[in-house]
Amino acid sequence: MEDIEKMFKKYAGNNELLSEAEFKEMIEAEIWEDDIKERLLKRVPKIIKRKDDDGDGQLSFEEFKVFSRLVKKLQEKKEKGQPLDDDSE
């Protein structure tokens, strides 16, 4: 989890909140698999809307943690040759 927190802080900046633009910048820079990257970029607004518990349009680290689970789930599906169409997050 430490690596996830470092990555979050790198893109969130001093306010320790991740905006939609910062979230997309992080995905562009940190996700190497193009199909997973594309899928995540499309889902950023939906992820923020669903996981932004305080309604400020940004994600705190606690709200962001779901992202790491989503990436892992998409990577596992890709490895198994399954479609990357899960909308559970």
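The values are calculated or read from the model by the stated rules, or taken from the named source; none is laboratory data. Everything numeric here is computed off the predicted structure, so don't read it as measured data. Using ideal geometry, Cβ is built from the backbone for each residue, glycine included, and neighbour counts are taken over all protein chains shown.
General observations
- One residue stands out among those in the range 39-79 that are of a type in the set (F, W, Y) and at pLDDT 85 or above: the one that is surrounded by the fewest Cβ atoms within 10 Å (Cβ to Cβ), which is F61.
- Looking only at the range 3-27, residues that are farther than 22 Å from L74 by Cβ and either of a type in the set (F, W, Y) or over 14 Å from the mean Cα position of the chain (by Cα) (or both) come to 4 in all.
- Scanning the range 16-41 for residues that are farther than 22 Å from D85 by Cα, of a type outside the set (D, E, K, R) and in contact (Cβ under 8 Å) with a residue 24 or more places away in the chain yields L17, L18, S19.
- Failed criterion for I36 (all others in (1) of a type in the set (A, V, I, L, M); (2) at pLDDT 90 or above; (3) surrounded by 15 or more Cβ atoms within 10 Å (Cβ to Cβ) hold): (2)
- Count - residues of the range 1-36 that are touching a Gly at 6+ places or on another chain (Cβ under 8 Å) and of a type in the set (D, E, K, R): 2
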